[in-house]
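J.: Here it is, the structure in full.
No lab work stands behind these numbers, since they all come straight from the coordinates. This structure is a prediction, so every number in the text was calculated from the model and none was measured. Cβ: placed from backbone, ideal geometry, glycine included. Neighbour counts: every protein chain shown.
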Amino acid sequence: MTKEEKNILLKDLCARLQYKPHCRVFKLNEDIKENDDVLYGVIGDNVITLKSDEDECLMYYQIKPYLRPMNSITKDEEKELGNYLSTEVFLSIDGLHSVLRAQRHTSNFLYSRHLDVLGLIEKGLAIEAPEGMYN
C-alpha cells in the first residue's frame, strides 16, 4: 500500500466512523480473522473494531471496509440527494458558507449510505458490500 493509499483509507475511515461501517479484518499473515466486524475507532495508524480484544489494536492495513459502489445508489437515494442538492445550490447564492455547508451535507449523506465516494473498491482498499448489509 502506498503512502497516498494509506492516507486516503485513513481519511475515509475517520469520516465513516459515526456510521458504523462493517469491515473484514485480517490477521498479519493476511488470513481472514473476522469476515464481518464493525469499525469502532481510528487512532493514528491503528484501528479498533467491535470484536477486537480488550487490549488489541489493529493496523490500518488489517481491515477492509465494506462499501457500496456508487452505481448501487437507489432511485430513492438519488432523488433524496437530488432534492437536497437543488435546494442547497439555490441557497448557495448566499455565499461561500452555504456552498461549504452543501458540500458537508452531501458528503455526510454519501458516507451515511456507505457509498464508495473515493473509489476504494477499485483501488483494492475496500470490499463491495453484499446486498442488504446496510439495510
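J.: Where does helix 96-112 land angle-wise versus the long Cα axis of the chain, in degrees 0 to 90, nearest 10?
T.: Taking the Cα atoms of the chain, the angle to 96-112 is about 40 degrees.
J.: Using only Cα atoms and rounding to the nearest 10 degrees, what angle (0 to 90) does helix 3-16 make with the longest principal axis of the chain?
T.: That works out to roughly 70 degrees.
J.: Could you sort out which of K51/K75; K6/K51; K6/K75; K33/K79; K3/K75 sit more than 30 Å apart by Cα distance in this structure?
T.: Numbers: K51/K75 34 Å; K6/K51 23 Å; K6/K75 32 Å; K33/K79 38 Å; K3/K75 36 Å.
Beyond 30 Å between Cα atoms: K51/K75; K6/K75; K33/K79; K3/K75.
J.: What's the angle, to the nearest 10 degrees (0 to 90), between helix 75-91's Cα axis and the longest principal axis of the chain?
T.: Roughly 50 degrees between the two axes.
J.: Continuing with this model, one more query. If the only charges are +1 at each Lys and Arg Cβ and -1 at each Asp and Glu Cβ, what is the size of the charge dipole of the chain around the Cα centre, to the nearest 20 debye?
T.: On the way: 17 positive and 23 negative charges, 65 e Å.
Charge dipole, the chain, about its Cα centre: 320 debye, nearest 20.
J.: Around Y40, which amide H atoms from residues at least 5 apart in sequence, or from another chain, sit under 5 Å from its own amide H, with H modelled in the peptide plane?
T.: Placed amide hydrogens put I48, T49, L50 under 5 Å from Y40.
J.: Placing +1 on the Cβ of each Lys and Arg and -1 on the Cβ of each Asp and Glu in the chain, which of T49, G132, I8 has its Cα farthest towards the positive end of the resulting dipole?
T.: Comparing the listed Cα positions along the dipole, I8 ranks first.
J.: Can you list residues whose amide H is under 5 Å from K33's amide H, if they're 5+ apart or on another chain and H is modeled 1.01 Å from N?
T.: Answer set, sorted by chain and number: V25, F26, K27.
J.: Which whole-Hz ³J(HN,Hα) couplings does region 62-68 yield from phi under the Karplus relation 6.51 cos²θ - 1.76 cosθ + 1.60, θ = phi - 60°, glycine and proline marked x?
T.: In residue order, the calculated couplings are 8, 10, 9, x, 8, 10, 8 Hz.
J.: Another question, if that's okay. Quick one, which of (i) 27, 16, 14; (ii) 21, 18, 17; (iii) 30, 16, 13 is the actual semi-axes √(5λ) of the Cα gyration tensor in Å calculated for this model?
T.: (iii)
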